[in-house]
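**Student:** The structure is given below, and queries will be raised subsequently.
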Amino acid sequence: MRQTPQNVSPMSNEGRNSYVIRHLTNSLLELLAVKPMGAVSVSELCSHAGVGRASFYRNFDSKEGILKAYVRQIFRACIDACEKSPDRSLHEMIRILFLHYEEYRDFYSLLNRRNLVGLLKDVIMELCGPKPEYFAPEAYAAAFAAYSLYGWSEVWFQRGMLESPEEMANLFKNQGL
């Protein structure tokens, strides 16, 4: 088909991809609110989002990939807050992290309820964990910090997010870490 102003989308490729990603993400979250991940098919997800399967596979390898991308997106604000904070103490970084979790409480509660918190580990490791260029001491320290953050986060979610971000930062501090 020859492209004409009447049959070409006014959106750029970037705009269309953003639209597809946003709709797939919102649809997956809506579907996960009522059923487990394994019960959501790619066809159902695409139909619910109003996008084609090709659009799904052009942007993601899996349904889990949608959630990982969303975690990366919302986690970016948390990392920015840590980087902009005048107080760079570990206590403050932990407080900021748990403030982030509280801000997105519904999302993280959904991940916990659907046994998908493990996706958070992958993102924490990617953003905060060891990098191939690190020397051994730096690599092990980064791994210790990233896995500790993930472990504390997972337990907090499982416990129903009872403690405040300040309490979590104090608990972490009291561990002598």
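**Student:** Quick one, which of (1) 15.7; (2) 16.4; (3) 18.3 is the actual Kirkwood radius over Cα pairs in Å calculated for this model?
**Tutor:** Matching entry in (1) 15.7; (2) 16.4; (3) 18.3: (3).
**Student:** Right, here's the next one. Relative to the longest principal axis of the C-alpha atoms of the chain, give the angle of the C-alpha long axis of helix 118-128, reported between 0 and 90° and rounded to the nearest 10°.
**Tutor:** Between helix and principal axis, roughly 70 degrees.
Throughout, read-outs are computed from the coordinates displayed, never taken from laboratory work. The shown structure was predicted, so the numbers you read here are calculated from the model rather than taken from an experiment.
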